[in-house]
Amino acid sequence: MSSRLDANLVPDSNSESSGERHVPNESELITSQRLETYISLAETERQRVQSIFGSVNVDTEDCSLGRGDDVAEFVVVDGKRPGLALLLGFEHFSIGERRPGVDKDLSNMYELFHTHLGFEVQEKKDLTVAECVDWLKTVTSDTALLQKVSCVVMVISSHGSEDEVAKGEISRPELRRQEVKYYQHRIATTDGSIRSSEIISMFDEMNCRALKGKPKIFFIQACRSRTSDSQNILDCVDTGVQISVQSDPSSEPHPSTQHSRSSYNNPIMQCGLDETDSVPDAKAVRPENIRSGHKIFVESSERLRASVEEEIVLAPPPCIHNSVIVMASPPGKVAWSEVRDGGWLIMGLYKVLMQYVDNRHKIRLTRAITRINHLIALTMHTITSDPSLNFMKCMPVMSHTLERDIVLVPKNIQ
């Protein structure tokens, strides 16, 4: 996924980029041919994800809801109390190459939340800032819709960065000192960027009373690297740690069209081979940073080595009341995506939650997110066209202010 910022919407009335995905009603699914085609495509995608992660198994456990007072421990999302999933992806930008992989992110999330978890789904792609704000205002003001759902999940797939806020734009005097750097996370749109805090705040209880007391969950697949004129991407990637791994010579890492693993007992996903290069989801790409003939597009990023006297103050997205926010990478670090298979966070989310579905287990969300972190951190690393960026790691970060944990009940056990 190449790095870029500032683009115009590419209108195409025949493509999904123009609006929402159509949800077939029951009458439209009467014909067996359409239904069989849909099932075949879903099964093909699940087999593909399994081939990517190879022999990696995700252990799941069922969640007992109990009776009486025990049920009050959870917010239950099932057929009687469905959730609402908002899917937002960005592929086309006016500066830099298109961002491939976003269609895979959107289709996987649609299958997961609508087909298997029974969520009502709204999907948008390649919106401008104004279109994004208008859409979310429409959703958060739809009282009739929000009163019937038990929770809202929003999945965003785009470029992003942590940009320094100008001193004159900071309201708090103590943060305007010269030695203080104040950052805000931004998500790239087709015509610019929008603060992630602006998106999240639209769902708080002050701006959306219909969601009062209901959980809001955000999965944000976007970089958190910092941009400036200094250029050294190695300062904002995670090189991981050295561990002892028994290696099978027949499965040594090498460039090929297949995903290889270090050994059967120590499976490692080799992200980004040939047509599936790992690339950072960073924005603010400059033409001089694009390396001709390579799949990887290196993003300008700020060195994080601050002097002893210098403070660095982050401005993370506000974790509004009764919410979960999962970012694809830690502060100041890049997030990785695959050209063909989409973002690492969304790949992990799909893999883990689908394992719960296959095992016919209810999903306790915070525990499932921990398993997603484990899967991504321990089994995935980069393979790119730039040797200096190979074997990089990434770790999603979760923050939450939940009053109760959330339990998702798959449709196959309702």
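Any read-out appearing in this document is the output of simple, stated calculations on the displayed coordinates, not a laboratory observation. Keep in mind that what you see is a predicted model, and the values were worked out from it rather than measured. Cβ sites come from the backbone with ideal geometry, for glycine too, and all protein chains shown count toward neighbours.
Some points to look at:
- Distant-in-sequence amide contacts of Phe218, defined by a placed amide H-H separation under 5 Å and a gap of 5 or more residues or a different chain, comprise Met154, Val324, Ile325, Val326.
- Pairs spanning more than 32 Å between alpha-carbon atoms, out of Lys333/Lys411; Lys167/Lys212; Lys214/Lys411: Lys333/Lys411; Lys167/Lys212.
- Set of lysines with alpha-carbon distance to Lys124 below 16 Å, sequence-local pairs under 8 removed: Lys104, Lys137
- Put a dot 7 Å past the Cα of Asp405, heading toward its Cβ, do the same for Leu145, and the two dots end up 3.0 nm apart.
- Using the Cβ-Cβ distance between Asp134 and Glu61 with R0 set to 60 Å, the FRET efficiency from 1/(1 + (r/R0)^6) comes to roughly 0.90.
- Here Arg209 and Thr115 are evaluated by their C-beta separation; at R0 = 30 Å the FRET efficiency comes out at 0.45.
- Derived scalar couplings ³J(HN,Hα) [region 208-214; Karplus, 6.51 cos²θ - 1.76 cosθ + 1.60; whole Hz; x for Gly, Pro]: 9, 5, 5, 9, 4, x, 9
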